[in-house]
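Taking it in order: structure first as structure tokens, then the write-up.
Since every read-out is calculated from the coordinates, none of them should be taken as a lab result. Model, not experiment: these values are computed from the prediction. All Cβ positions, even for glycine, are placed from backbone atoms using ideal geometry, and neighbour counts span all protein chains on display.
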Amino acid sequence: MRREKVFNTLELREKIIEKLQRMKVKRSEDFEVLSEVFNVEVLMQLYDMLRKGLLKEFNGEISSGKESKVFHAIAKGNVEVAVKIYLIVNTEIRRMMLKYIIGDKRFERVKSDSRSLVYTWARKEYANLSTMHEAGLPVPKPILVQKNILVMSFIGENGQRAPLLKELHELKNPRETYMEIINFIVKSRDEARLIHADLSEYNVMIWDGKPFIIDLSQAVPVTHPLAGEFLRRDVENINRFFMKRRWVSETIPVEEVVGDWLTYSS
Ligand SMILES: Nc1ncnc2c1ncn2[C@@H]1O[C@H](COP(=O)(O)OP(=O)(O)O)[C@@H](O)[C@H]1O
Ligand SMILES: [Mg+2]
């Protein structure tokens, strides 16, 4: 019985890969190699998106992390997009995820099995991106979320992603960029009423001389019990990095940004 099921799954995989290969899918050899991401469910969803014309091309991998992998693709209207595929995660990562889900009234009724948790994680990033994008904050524009796949606008051009702040050793207007990131933090709190909660040089991309903030799945509403702590850490990370690079001679004290926090948590 079980063997039969495995066989059917493999056969199904082969069939979908064959179909995908007939569509505009570059580097389709990835599907074989990276089976960790491209399980039957993901392959079927990608096939579905290509068939419906939501995606026109699916290209190579941009980044590979523990929780997700990000790919470059072309969507309807020939726009470049980033496709983030969240992996089904282990216990340690699940525990981390729950810290940002419990206390977030929008999502805390989630089922705790890995699959449901990861779907929630993807929907949480989509919701956070939507709220921030609508508030006019510099984040990728979310396009669609389906199970564990999120499609958003691509920061970069011609398949080349923009550099992360971490990867740069020079900035045109460092003081201005610093202020733009601090403004993001404040405006996100006051207008989108969200705290990024993992802000650092790894989650800021510099494109066209401007900072874009990415990686929003862990962001929490200002009402989350740990929101104040997360906010403080975000500001400290940015301050520390700008001082380390000697891009600014002084930073805005954390207290000044976090100072009126009590008005939010009460
Ligand atoms: N919208 C995007 N446009 C271009 N590149 C992106 C985009 N989103 C993510 N990336 C790339 O993928 C990497 C991982 O994405 P991120 O959302 O930070 O996930 P994680 O850090 O959890 O792996 C980023 O460091 C960046 O290089
Ligand atoms: Mg990241």
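Would you calculate the separation in nanometres between label points at Glu256 and Glu108, each defined as 7 Å from the Cα along the Cα-to-beta-carbon direction?
Label at Glu256, label at Glu108, 3.4 nm between them.
For the chain, what does the helix formula give at 222 nm: sum of -39500 (n - 2.57) over DSSP H segments with n ≥ 4, over the residue count, nearest 500 deg cm²/dmol?
When only DSSP H runs of four or more count, the value is -13000 deg cm²/dmol.
I'd like the distance between the alpha-carbon centres of the range 189-266 and the range 49-113, rounded to an integer number of Å.
If we compute the Cα centre of each part, the gap is 22 Å.
In nm, to one decimal, how far is the modelled label at Glu61 from the one at Leu226, with both set 7 Å along Cα→Cβ?
2.8
Assigning unit charges at the beta carbon (Lys, Arg +1; Asp, Glu -1) and nothing else, what dipole magnitude in debye, to the nearest 20, does the range 162-265 show about its Cα centre?
Values: 13 positive and 17 negative charges, 40 e Å.
So the dipole magnitude of the range 162-265 works out to roughly 200 debye.
Determine, from the Cβ-Cβ distance of Val248 and Tyr202 and an R0 of 25 Å, the FRET efficiency 1/(1 + (r/R0)^6), rounded to the nearest 0.05.
Between Val248 and Tyr202 the formula returns 0.85.
Dividing the Cα convex hull volume of the chain by residue count, how many Å³ per residue is that?
136
Output the 0 to 90 degree angle, nearest 10, between the alpha-carbon long axis of helix 2-22 and the longest principal axis computed from the alpha carbons of the chain.
In the chain, helix 2-22 runs at an angle near 80 degrees to the longest axis.
So if R0 is 22 Å, what FRET efficiency would Lys187 and Lys76 give, r being the distance between their Cβ atoms, rounded to the nearest 0.05?
Rounded to the nearest 0.05, the efficiency is 0.15.
Using +1 at the Cβ of each Lys and Arg and -1 at the Cβ of each Asp and Glu in the chain, identify which of Gly60, Thr177, Ser130 lies farthest towards the dipole's positive end.
Of the options given, the answer is Gly60.
Going by alpha carbons, how many degrees (0 to 90, nearest 10) lie between the helix axis of 227-244 and the longest principal axis of the chain?
80
With the cut-off at 18 Å, tell me which of the pairs Lys84/Lys147; Lys69/Lys147; Lys84/Lys210; Lys66/Lys244 have Cα atoms farther apart than that.
Numbers: Lys84/Lys147 11 Å; Lys69/Lys147 15 Å; Lys84/Lys210 22 Å; Lys66/Lys244 27 Å.
Listed pairs above 18 Å: Lys84/Lys210; Lys66/Lys244.
Points 7 angstrom from Cα along the Cβ direction at Glu180 and Glu11: gap in nanometres?
5.5
Using 0.36 nm times the number of residues separating Lys19 and Glu92, minus their current alpha carbon distance, what extension gain do you get?
Gain in length upon complete extension: 22.7 nm.
For the chain, take the longest principal axis of its alpha carbons; what is the angle in degrees between that and the long axis of helix 114-134, to the nearest 10 within 0 to 90?
In the chain, helix 114-134 runs at an angle near 50 degrees to the longest axis.
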